[in-house]
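Data block below; observations after.
The values are calculated or read from the model by the stated rules, or taken from the named source; none is laboratory data. Since the model is a prediction, treat every value here as computed from it, not as a measurement. Reconstructed Cβ throughout: ideal geometry from the backbone, glycine too, with neighbour counts over all protein chains shown. Heavy atoms of the whole protein, side chains included, go into the accessibility calculation; ligands, DNA and RNA do not. Shrake-Rupley method; radii C 1.70, N 1.55, O 1.52, S 1.80 Å.
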Amino acid sequence: MSSQSIVSAIVSIYAAERFMSGCLDDLTCQTLGEKLEIIVVDACSPQNESAIVSDYMARFPNIVYVRAPAREGVYASWNRGLRLARGRYITNANADDRHRRDALETMSRVLDARKDIDFVYGDCRVGYRENETFEDNCHGKVLYFPEYFAPATLLYCQLGPQPMWRREVHERVGFFDENYRACGDWNFNIVLAGHARGLHIPEELGLYLEHPLAISFRDSTMGMENELLRRRWQHAKAVEQRYRTMGVPCESQAQRALVHLDMGIRALRFYPPWRYGVPESALSFARRCFRHALRLNPALAPADELLELSDDALTCLEDLPSPLGLPTQAELSTLRTS
């Protein structure tokens, strides 16, 4: 195994035998070649993925395989892989997703060139056929992710399924929270936003398989964990920390009041990529932000007027300008449908 790996791709597998060959074909064909370290973490799967991986390991010395002693969740597997990783940069490579052939090289080159950036992410095609390659995908449906805006991570996950980040950021933020089954990546995105800087690459770099057996869809886990995350993070201190990371002043009460007004306005209307241009809202969070803004500055408009509106009236509002002069959620989002 080369000691000069640029990227370590962590593949967590459980009951993924039917995806294994396609996944490894996808990664071994990346233009990084042997500068890509492929770490396969077997979460004690009952299937025969290990035999497939062994066959590839005989041909590709940049593949590492480790099997957990007992069944573990995806974030425990990612952490297990992280502790083995030798690349400068890390990416998760889900067994059922695929990449453009130069995707990992493209992201790593941006990180090489931008020393001020800690993580990057691109746009992602959507597929419905198992083991379809990026090149063969012709459905035309794309998840267009927003330009990076740290406070908006409190509203939804901005990273997408195939981000890349500097390995060293774990020295600042720790590892993935293994208490989550489905939303650990959103939690990681929120934590990153408080300590690191990100960048969106406006290119279609990956292919995400959308299917009903994915943990995002198959039961209530995602919804329950989303609510837990909102309760954990949608509070004043978290808001201010993410604006500070962007360089927005939060020293005086007047400055902090504007920050909370700005966050509340964003919570009224935002655009998750998987909604394809249809806005969502977090009205209870928005109201908490407006109340906090008024506690800091009782004369602050339009926070008082907004609090007087009903939920129906708030959801009917057009996108309001940022009181800080920052791009709005609509301006940050690529509002294209496909």
Tell me, which residue of segment 153-197 that is small (Gly, Ala, Ser) and farther than 19 Å from ALA267 by Cβ is nearest to the chain's Cα centre (by Cα)? GLY160
For segment 250-290, enumerate the residues that are among the aromatic types (Phe, Trp, Tyr), touching a strand residue (DSSP E or B) at 6+ places or on another chain (Cβ under 7 Å) and in a helix (DSSP H, G or I). TRP274
Just to be sure before I move on: is ARG129 in a strand (DSSP E or B) and over 15 Å from LEU332 (Cα atoms) in the structure I sent? no
Does ASP304 fit the bill of being touching a residue at least 24 places away in the same chain (Cβ under 8 Å), of a type in the set (Asp, Glu) and in contact with a Leu (Cβ under 9 Å, 6 or more places away or on another chain)? no
For segment 203-237, the count of residues that are open to solvent by 50 Å² or more (accessible area, probe 1.4 Å) and modelled with pLDDT of 95 or more equals 10
Could you say whether any residue in segment 144-163 is in a strand (DSSP E or B) and open to solvent by less than 40 Å² (accessible area, probe 1.4 Å)? no
Would you pick out the residues in segment 26-44 that are of a type outside the set (A, V, I, L, M, F, W, C) and in contact (Cβ under 8 Å) with a residue 60 or more places away in the chain? ASP26, GLN30, THR31
Which numbered condition in (1) touching a strand residue (DSSP E or B) at 6+ places or on another chain (Cβ under 8 Å); (2) outside any strand (DSSP E or B); (3) open to solvent by 10 Å² or more (accessible area, probe 1.4 Å) is the only one that SER12 fails? (2)
Kindly indicate whether ARG181 is surrounded by 15 or more Cβ atoms within 10 Å (Cβ to Cβ) and free of Cβ contacts under 8 Å to residues at least 12 places away in the same chain. no
Out of all the residues in segment 92-111, is one or more in a strand (DSSP E or B), under 23 Å from CYS44 (Cβ atoms) and at pLDDT 95 or above? yes
Give segment 315-338 a look and list any residue that's more than 27 Å from GLY122 (Cα to Cα) and in a helix (DSSP H, G or I), or say none. THR315, CYS316
Scan segment 307-329 and report the pairs whose first residue is in contact (Cβ under 8 Å) with a residue 40 or more places away in the chain and within 28 Å of PRO249 (Cβ to Cβ) and whose second residue is open to solvent by less than 50 Å² (accessible area, probe 1.4 Å) and of a type in the set (Gly, Ala, Ser), with Cβ atoms within less than 8 Å and a gap of 6+ or a chain change. LEU314/ALA286; ASP319/ALA330; THR328/SER322; GLN329/ALA152
Could you grab me the full set of residues in segment 46-83 that are surrounded by fewer than 17 Cβ atoms within 10 Å (Cβ to Cβ) and touching a residue at least 60 places away in the same chain (Cβ under 8 Å)? PRO61
Looking at segment 291-314, can you tell me whether even one residue there is in a helix (DSSP H, G or I) and within 30 Å of PRO161 (Cβ to Cβ)? no
